[in-house]
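The next block holds one structure in the form of structure tokens; read it before the comments.
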Amino acid sequence: MSDIARIVETTFRAEHGHVLGALVSYLGDLDLAEDALQDAMITALETWARDGVPLNPAAWMTTVARRKAIDRLRRDKLFQEKQQELQLHAELERPGEMEFDDRPIPDERLKLIFACCHPALALESQLALTLRTLGGLTTPEIARAFLVPIPTMNQRITRAKTKIRQAGIPFEIPPAERVPERLDAVLYVLYLIFNEGYSATAGDDFIRQELCNEAIRLARVLVELLDQETQLESDAEALGLLALMLLHDSRRAARVDANGEIVLLEDQDRSLWNQAEIQEGLALLDRAVALCQPGTYQLQAAISALHAQAPTYTETDWRQIAALYAQLVRIEPTPVVQLNCAVAVGMAQGPLVGLMMMNNFKLEESLSQYHLYHAARADLLRRAGEFDSARIAYQRAFELAQTRAERVFLLRRIESLKHT
């Protein structure tokens, strides 16, 4: 990949949600906005190589995409219909080269989130579409996040766009009294965007920081919106989710080494942890707990807080973490939560106890294609001294892992067990 192609791709990834939100608000048409943004990306590859990278790449892409959208409307003979709606007279009469607007792009992402999370859409479609539009994830990345085939995910996204268009769902923040009915989906979307950045499901990079930053920023906007809206109360789960993100993100600098390879929690240099994020996360968690509205994000944030507050790995309060996971299982008994609970119990009470909890046919069947299930089982087997079984489990995890960093780590584990 050339340097310019890399810059264009990085800009597209980092600014996708910001630019697309502005375009959708301007055009009122999600498909048209997405197509125009793709056209702008192609134009950037040609133009930036010749003229250099603009001072404000996001504004450049927005301006070019807007003009590309107008060109598409002209070609599709929809110009007269859209012209009054979009009030484009002055721009269309502008001769010669396009004039770039370097002013800050209006931040319309929250409007886009609430439109994508409209109750008229199925929850699975809400999540997939928002990850695509706001997070800029590709269809294969979203499919992996949901553990479903790529064609299935593509159908979900297509159906969601069609439903928005046919139902005339507006791109706007809903009235205050209608916010709660969409809030759960919005929070879950932000959670999934952060997770894809925190532990990427594929590619060379184990951490995709632009997605973590995007999820944290949007969670901040959401918390501020709820705090400022006089008809709404602060939401404990929104606060809990932002706390969870910050507490997890605080460990970012210690999670990979200089070569981009994974450093496990027990081996991390805790002096590299971001104390400002930890303190902010703890304060947000305190605010959330004070509202007496318990929920899954607050429980996860409390677990992360115990890790953040432990001076060393050996001083981690695994019994309290296991107890919190037990509460989480009662609220959200998903296979992944059950797996994490088994790992915590294994650390608190011994690896054999954790392995007994994993020795569950339904759990094994549900997570048979999930590499972290096999990796977690391998780790407990290793701690229990069952080295041959651990090596087999690590090998299965290696076969299923999608990121380079995870595959390198698992291969090292396999090699280390050959001599035990």
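The values are calculated or read from the model by the stated rules, or taken from the named source; none is laboratory data. As the structure is a computational prediction, the values presented were derived from the model and not from experiment. We place every Cβ from the backbone using ideal geometry, glycine too, and count neighbours over all the protein chains shown.
Couple of notes before you dig in:
- Meets criteria (among the aromatic types (Phe, Trp, Tyr), over 19 Å from the mean Cα position of the chain (by Cα), surrounded by 15 or more Cβ atoms within 10 Å (Cβ to Cβ) and closer than 26 Å to Phe12 by Cβ) for Phe206: no
The rows are residues; the columns are (1) out of contact with any Pro (no Cβ under 7 Å at 6 or more places or on another chain); (2) crowded, with 22+ Cβ neighbours inside 10 Å; (3) farther than 24 Å from Val223 by Cβ.
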residue: Glu124; (1), (2), (3): yes, no, yes
residue: Thr138; (1), (2), (3): yes, no, yes
residue: Ile142; (1), (2), (3): yes, yes, yes
residue: Pro151; (1), (2), (3): yes, no, yes
residue: Arg156; (1), (2), (3): yes, yes, yes
residue: Ala167; (1), (2), (3): yes, no, yes
residue: Ala176; (1), (2), (3): yes, no, no
residue: Val186; (1), (2), (3): yes, yes, no
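- Residue-level check: of (1) in contact (Cβ under 8 Å) with a residue 40 or more places away in the chain; (2) assigned to a helix (DSSP H, G or I), Glu280 misses just (1).
- Count of the stretch 117-156 residues, restricted to those that are over 20 Å from Ala215 (Cα atoms), among the hydrophobic types (A, V, I, L, M, F, W, C) and not in a loop (DSSP other than H, G, I, E, B), is 2.
- Against the test of being under 30 Å from Arg252 (Cα atoms) and modelled with pLDDT of 85 or more, the options Leu134, Leu183 yield a single qualifying residue, Leu183.
- When we screen Ala301, Ala323, Ala308 for residues that are among the hydrophobic types (A, V, I, L, M, F, W, C) and without any contact (Cβ under 8 Å) to a residue 12 or more places away in the chain, the only hit is Ala323.
- Of all residues in the stretch 400-420, those satisfying the criterion of being in contact (Cβ under 8 Å) with a residue 12 or more places away in the chain and either touching an Asp or Glu at 6+ places or on another chain (Cβ under 6 Å) or assigned to a helix (DSSP H, G or I) (or both) are Leu400, Arg404, Ala405, Glu406, Val408, Phe409, Leu410, Leu411, Arg413, Ile414, Leu417.
- Filtering the stretch 237-277 to residues that are over 13 Å from Ala308 (Cβ atoms), touching a helix residue (DSSP H, G or I) at 6+ places or on another chain (Cβ under 8 Å) and surrounded by 13 or more Cβ atoms within 10 Å (Cβ to Cβ) leaves Glu237, Ala238, Leu239, Gly240, Leu241, Leu242, Ala253, Val256, Gly260, Glu261, Ile262, Val263.
- Boolean, Asp35 is closer than 26 Å to Thr130 by Cβ and surrounded by fewer than 19 Cβ atoms within 10 Å (Cβ to Cβ): yes
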